[in-house]
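The values are calculated or read from the model by the stated rules, or taken from the named source; none is laboratory data. Treat the numbers as computed from the prediction; the structure is a model and nothing was measured. When we count neighbours, we look across all protein chains shown, and the Cβ atoms used for this are built from the backbone with ideal geometry, even at glycine.
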Amino acid sequence: MNGGLLAAVLILVLHPPPADAATSATCDSSGGGGRYTPGSAYEASLRRVADALPTNASTSANLYATAAVSAGTNQTVYAAGLCRGDLVPYTCLVCLQSSFSDAQLQCPLDTDVSMNYDACHMRFAGVDFLASTNNSVQLPYFTNFPAVAAASAAGRFNGLVAELLAATAGYAAGSGRRFATGEMDVDSDYSQGQFSNIFATAQCTPDLTPAQCRACLAGAMAEMPRQVFPSNSTGASFVGERCGLQFAPYAFYNGDTMVKLPIRLQGKKSATTPVLAIVPAVLGGLFALTLIALWVWRKKRSPRKMSLFVNVEDMESFESIFIGLSTLQSATNNFDENNKLGEGGFGVVYKGALPDGQEVAVKRLSESTTQGLGQMKNELALIAKLQHKNLVRIVGVCLEEGEQLLVYEYMPNKSLDTIIFDPDKSKKLDWGARFRILNGIARGLQYLHEHSQPTIVHRDLKASNVLLDADMKPKISDFGLAKIFDDDQTRHITSRIIGTLGYMSPEYAMRGHYSTKLDVFSFGVLVLEIVTGRRNNYALNTLYSQDLFYLVWKHWVEGTIAEIADTSLGRHYPMAEVLKCINIGLLCVQQNPTDRPSMSAIVAMLGSDTVSLEAPYRPAYVDRSRSYSETAERVKEELCSEPQTSITELTPSGGRLCAGRSWYEKLSAAKGWIRSQNATWWSTDAVKVKRKVCANGSKTVKDEHEWA
């Protein structure tokens, strides 16, 4: 595997809850300074805060940052952002950046806004709330989990939640990061089958003292019986800018539980001793027993061949592709460095030649990795059963003398990233080759999502995992992170966010939600990269830097897509096809998964000139701190100016609409603006869209077929 955000442990897949995690906005235009005006000094200060605070918080050890920025008298913006203590920096960054963007959409022009997510909490205001050590704004946020039905069970549940939160809050106040996780194991008889385990977190901003944290959490706890428990919800949070509490019926946090409270049938709980507190008492004995058990296991374990398989039947199903170690040693010249093709997190890949002359790529798993073993099992179980021309084919497997080796067909042109991001090598890929590569990747994903049994989500689609054969035909590789979906499943949730920065969809990066639409998002990133020749460095850029999504969207709404097409293409490409690909790419990287097309729809779009394409919303991660109204107003202004030329043909080079842009770009931009404004007439046909956007009293349409 190439670099990316890779966790150090195997993926833990949880049963998905029935609804998305809680997300809410609190808008207050009456307090503080009321509302600000566009272009004001306050807005300038807010932009500076939105630019800096997410990065500052995500790069701090405690995932917390504050800001106070002033652009004039009474124009100071105070802000604080805190991410849940178990998260990785990237998830924190994405969450806080999204909070500023969503604040502008949900509370436009309000000076005092609080945004709450499962992963983070953010507030900005025109009054100084940072000096307070308590929550000045704290509200409950409920998930859509079913309420506890039976009244008696509901009372028990709320009582257990209160006990768990109190214990977790006490531990958090005394911890260095002011953060703690808790779990209560509930006997099913005690709960009358209404609920099972309960999980919780408690957190304060890390700049509070233990006493201040304890007082803040106590204040939040005091409001729970009045504002939270009456709903009988099995999942909720009660948070403010200084501290917060959260509980749910599933493990929504990462890492080990810090506080455990077992509940017996009679309702008697064991001592509320934090797990970490009892470890030192038994650590020595456990360590000794572990060493002994490990030694015995290493001495008596069966051959490696068995370690990859759950049972004998699994092993026998792969017997036909076992290759002897001596054969692979000879094929790779004993894994000579000169034959090394690449190196990932879990091992090295070598080029080799089998006795029959077939060239192969041999992945040699590192002996020091256990996660690699799990991913190797996953890949072997999946890819050996998949048959498609756009999926890399496995040739064999070797499990001898402690070696773990997977053998693939050799791809002489290596991976896509080695070509499209190289100014010289990219010239080998003319537009026709790039379009065929996009089609091939799309068809490979369509097979995984819709034609394989069962459905498979790749979860790590990226340029380095697309291999090119001698004819530049693409093959999707590396199924180590792939997941199987049962027939009745459409979405999973994981508490281990692993994958590659720049290719993760927002719902996966922030909440661990993944489905086939995660792969669609990654495919959209690939489309934009292939057309522009630019790597998506979103995670490495600040708010106003030219990351790929922002750059493409800017040129899309301005009608200047030709300016960001890969320069190595020269001008030798059909503009209509380039525009279509950019349109598809933008549809794939939408913020909302339901706005992304399926892979079968994408294959149809790529393969036909008659399939109608919807105009996209702005992509995920774009304009993160400011309202989209600025962009929308600019597009509207351009669209509704006097036409410079008449429309005489339907080609992008000759057709014009309003401000002199090509008809295709202008229509798409018009639709995009209409959708961004949630206009009631979005569903009307192209004729009405153009008439409404460009109506100026003199506009006429000579032939309505031109607009169809």
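Points worth noting:
- Counting residues in region 550-560 that are part of a helix (DSSP H, G or I), in contact with a strand residue (DSSP E or B) (Cβ under 7 Å, 6 or more places away or on another chain) and crowded, with 20+ Cβ neighbours inside 10 Å gives one or more.
- Test: residue in region 104-114 that is buried (at least 24 other Cβ atoms within 10 Å of the Cβ) and within 21 Å of the chain's Cα centre (by Cα): no
- Pairing each residue of region 594-607 that is of a type in the set (Val, Ile, Thr) with any residue that is surrounded by fewer than 20 Cβ atoms within 10 Å (Cβ to Cβ), provided the two are 6+ apart or on different chains, yields C-beta distances under 8 Å for Val603/Asn439.
- Where helices (runs of 4 or more DSSP H) sit wholly within region 289-393, those with at least 3 residues that are within 27 Å of Ala470 (Cβ to Cβ) and at pLDDT below 90 occupy 371-383.
- Flag if Thr55 is part of a helix (DSSP H, G or I), at pLDDT 85 or above and hydroxyl-bearing (Ser, Thr, Tyr): yes
- Within region 58-86, being buried (at least 18 other Cβ atoms within 10 Å of the Cβ), more than 23 Å from Gly126 (Cα to Cα) and out of contact with any strand residue (DSSP E or B) (no Cβ under 8 Å at 6 or more places or on another chain) holds for no residue.
- Total residues in region 184-202, condition within 18 Å of Gly255 (Cβ to Cβ) and either crowded, with 21+ Cβ neighbours inside 10 Å or modelled with pLDDT of 95 or more (or both): 5
- Restricting attention to region 26-52, the residues that are of a type in the set (Ser, Thr, Tyr) and either modelled with pLDDT of 90 or more or in a helix (DSSP H, G or I) (or both) add up to 2.
- Number of positions in region 442-472 that are assigned to a loop (DSSP other than H, G, I, E, B) and either surrounded by fewer than 22 Cβ atoms within 10 Å (Cβ to Cβ) or assigned by TED's automatic domain parsing to the domain that holds Val360 (or both): 7
- For region 617-626, the set of residues classified as of a type outside the set (Val, Ile, Thr) and either in the same structural domain as Asn592 (by TED's automatic domain parsing) or modelled with pLDDT under 90 (or both) consists of Tyr617, Arg618, Ala620, Tyr621, Asp623, Arg624, Ser625, Arg626, listed by residue number.
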